[in-house]
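Reviewing the structure listed below.
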């Protein structure tokens, strides 16, 4: 249980003033609330001895009201401060987690599914927030308040009566420890099951059109029902243990009441204590219900928080595969890109994805990268994007400096990337385009839209640039998505533009218009184009053909046509298909 506080010690040190004030206020309230029962006992004894006057009664009532009002005001302060810090912790950890996600490479997201990460960023953080708020409250009340009430009972009423009434406490402590351990295990399983449900639900929603197209609605619903049942059953297992806490504590508290009332009555008969003291003692026993219950709640909340913190720490313990250098180099703009005998192998693979790639690219050149599916085109671009650690062999250099010597921010600032999978945000067309340059004007937006052959499409949309594209651009066609992604990269005006099969969904005429605009606008900047349609790279200064990660052809369009190898064959076939 203490381990969860040790794991959060960094935050408690950071917020120690607020937590100190909140806990101090809570302790003051705990001191104040034990005084009213003494007043009640004094009133009862005064009535019994016929010594209660109007003045004394008014004095008692005045003190009683003053204590209640003061306790109320201080309670508001500690409640606001303590739970406010807990909410701040949730915010901080969510920010840390999101920042961590942004640093992670594709291998991380291959290991952890989206739904699982979402579950950790929501449910688990909520459990940690409860630990830092309700957990601290339970800790203080189950220790300080309980010990204070017991001390008052011992020193102001009767030692033997107090010890007898507290006999059930050790039994409760033992049972609570057993419950807490079992809750930790069951809660971990419940959270894991919820992560699986979250992930599969996300996939079903994203793939709903495919599910309908293949008439798999019943099967998908059946699978979803099975998963919800599994989550339900695992949470029921947690709830069963939760349900045992309160009855167990009430039985033990009831036993304390029985001992206190029975033995206390005997002490009154013997004249060892007064009736007022017995009433006060029973009020204190009633006040012990919450601290004793808080022991159970403390174990419950701490075990949940500890389980969730372990799941968050598991994510945060992953170091980014690609790190910034200790002593980075700086370059205003890249002029020369050189692949020197570069070989690369994915961490999870036992075969090289790139083999001995050598290529020199000068500023202003357009490089065409072609080859069959799976030949290594995207992998080649990932070396520039630095999505994976340094290549196994060879180097990738920018102006004779290894790319690893630059910061990630600098290299990625140079690059505008249009990937195969076009990711659009659930915002307007304008917001999706200016994502590459938030300060862009409408004039610049229309200029890059013209370059991407998107201007006419924008004019035909219901709200023009302010048209919402829906989740992942669902309201746009495949070709429109590609061109919005292209416009987003172009508005950044990058030093290096990477088009990874980014014109596959547009027709030949539109493709020709885009290529013409790119040649005009990017005459002095570097462009990489990967394509299956060879007409997209025909104009390139250099064309490389990849096969199983190896560069099997290299030259201009005319050079490769003369060689009459794979490039020549594919080009002729595509020309014939186009003619047909």
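Helix 168-206 and the longest principal axis of the Cα set of the chain meet at an angle near 20°.
Rounded to the nearest 0.05, what FRET efficiency do residue 72 and residue 261 have when you use their Cβ-Cβ distance and R0 = 30 Å? Intermediate values should be presented prior to the final figure.
Numbers: r = 30 Å, r/R0 = 1.01.
Taking R0 as 30 Å, the efficiency between residue 72 and residue 261 is 0.50.
Computed from the alpha carbon positions, the gyration tensor of segment 485-580 leads to an equivalent ellipsoid with semi-axes of 23, 17, 12 Å, biggest first.
Can you pull the semi-axes for segment 71-119, root of five times each eigenvalue of the Cα gyration tensor, sorted largest first, whole Å? The partial results should precede the final answer.
Details: eigenvalues 276, 20, 4 Å².
Here the semi-axes work out to 37, 10, 4 Å.
Compared with the dominant Cα axis of the chain, that is its longest principal axis, helix 566-579 is turned about 90°. Seen from every direction in turn and averaged, the convex hull around the alpha carbons of the chain projects onto 37.4 nm².
Once the convex hull of all Cα atoms in segment 131-179 is built, its volume per residue stands at 65 Å³. When 83, 221 are sorted by how many other C-beta atoms sit within 10 angstrom of their C-beta, beginning with the fewest, the order is 221, 83.
Each Cα pair under 8 Å and six or more residues apart adds its sequence gap; the mean of these over the residue count of segment 2-316 is a relative contact order of 31 percent.
Where does segment 217-333 land on Rg(C-alpha)/(2.2 N^0.38 Å)?
Cα-based Rg divided by the globular estimate yields 2.09.
In terms of overall dimensions, segment 2-316 has a Cα radius of gyration and Dmax of 25.6, 89 angstrom.
Pairs of Cα atoms nearer than 8 Å and 6+ residues apart set the relative contact order; for segment 336-579 it is 27 percent. Pairs of C-alpha atoms in segment 85-153 farther apart than 15 Å represent 64 percent of all such pairs.
Here segment 1-159 was treated as a single set of alpha-carbon atoms; its pair distances binned every 5 Å from 0 give 2, 7, 13, 14, 13, 11, 9, 8, 6, 5, 4, 3, 2, 1, 1, 1, 0 percent.
Give the shape of segment 15-63 as rounded, prolate or oblate, defined through the alpha-carbon gyration tensor: a ≥ b ≥ c are the square roots of its eigenvalues, a/c under 1.5 means rounded, and otherwise the shape is prolate if a/b is larger than b/c and oblate if not. Taking the square roots of the gyration eigenvalues as a ≥ b ≥ c, segment 15-63 is prolate.
Using only the alpha-carbon atoms, how far is helix 146-156 inclined from the longest principal axis of the chain? Give it as 0 to 90 degrees, nearest 10. It is inclined by approximately 10 degrees.
I'd like the per residue volume of the convex hull spanned by the Cα atoms of segment 265-384, given in cubic angstrom. It would help to have the intermediate numbers written out before the result.
Values: hull volume 33.6 nm³, N = 120.
In segment 265-384, the Cα convex hull volume per residue is 280 Å³.
Please tell me the relative contact order of segment 350-453 in percent, rounded to the nearest whole number, where contacts are Cα pairs under 8 Å and at least six residues apart.
On the way: 33 pairs, mean separation 15.9, N = 104.
RCO, segment 350-453: 15 percent.
Counting Cα-Cα pairs of segment 340-425 in 10 Å increments starting at 0 gives whole-percent bin shares of 14, 48, 33, 4. Its alpha carbons give segment 167-283 an Rg and a Dmax of 26.1, 87 Å.
For segment 336-579, the C-alpha radius of gyration sits at 1.02 times the compact-globule guess of 2.2 N^0.38 Å, with N the residue count.
We did not get these values from a lab; they are worked out from the coordinates using the rules stated. Given the structure is predicted, the values throughout are model-derived calculations rather than measurements. As a convention, Cβ positions derive from the backbone with ideal geometry for all residues, glycine included, and neighbour counts pool all protein chains shown.
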